[in-house]
Amino acid sequence: LYFGAVDGGVDTGMDVVNFYAGATVPTPLEGLGVGVAYDYRANGLADSSYENAIGGYLVWQATEKLKLSARGEYATGSNGAYGFTQDGHTELFGLTTTVDYSLWANVISRLEFRWDRDLSGDGEFLNGTQENAASLALNVIYKF
């Protein structure tokens, strides 16, 4: 169980406040965990602006070196919260799948696919021209 709060923005003159809460729970199935997370930020862009997101995820440690995960997220925000907004309100949904493999000691390789959908119909992506966005990323990480 995690909880965090940050009250910042002193240098910008805005009272930016962030809250986070999350929990991960093992399941009766060996190597499988489920979790949920919630994020909220107030006054990040301007006074009375907000962004919030709730997500759920599954993580399966398939072998000692292979981990598979899936995450779904729903986010809302005020005008400009996540980029381009025409009507003053943003509503997004995202799905992410990850294959994580430990190549050698201290080295992780990660392949991730993410799909996002603008539920508010504004075409949030590519400066207001697209309602969907997809990305494919490959990371190789060395941990010191």
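Structure notes:
- Among the protein heavy atoms, those of F113 account for about 90 Å² of accessible surface (1.4 Å probe, every chain in place).
- Charged side chains reduced to their Cβ positions (Lys and Arg at +1, Asp and Glu at -1) give the chain a dipole of some 760 debye around its Cα centre.
- 17 Å cut-off, amide nitrogen to a point 7 angstrom out along K143 Cα→Cβ, residues in segment 100-126: 100-111
- Summarising the amide proton neighbourhood of S49: residues at separation of 5 or more, or on other chains, whose placed amide H is nearer than 5 Å comprise N43, G44.
- Residue order for W60, W104, W115 - accessible surface, 1.4 angstrom probe, largest first: W104, W60, W115
- Top of A42, A70, A62 by mean-square fluctuation, Gaussian network on the chain, Cα under 10 Å: A62
- Alpha-carbon Debye profile of the chain, log10 I(q)/I(0) at 0.10, 0.21, 0.22 Å⁻¹: -0.46, -1.23, -1.25
- Label point at L32 placed 7 Å out along Cα→Cβ; residues across segment 93-117 whose backbone nitrogen lies under 17 Å: 98
- Unit charges at the beta carbon, dipole of the chain: most positive-side option, Q61, A137, G8: Q61
- Equivalent ellipsoid, segment 90-132 (semi-axes from 5 times Cα gyration tensor eigenvalues, Å): 33, 9, 6
The values are calculated or read from the model by the stated rules, or taken from the named source; none is laboratory data. Keep in mind that this is a model prediction, so the values were computed, not measured. No Cβ is skipped: glycine too gets one built from the backbone with ideal geometry, and neighbour counts run over all protein chains shown. When the accessible area is computed, the model is the full protein with side chains, heavy atoms only, and any ligands, DNA or RNA have been set aside. Shrake-Rupley method; radii C 1.70, N 1.55, O 1.52, S 1.80 Å.
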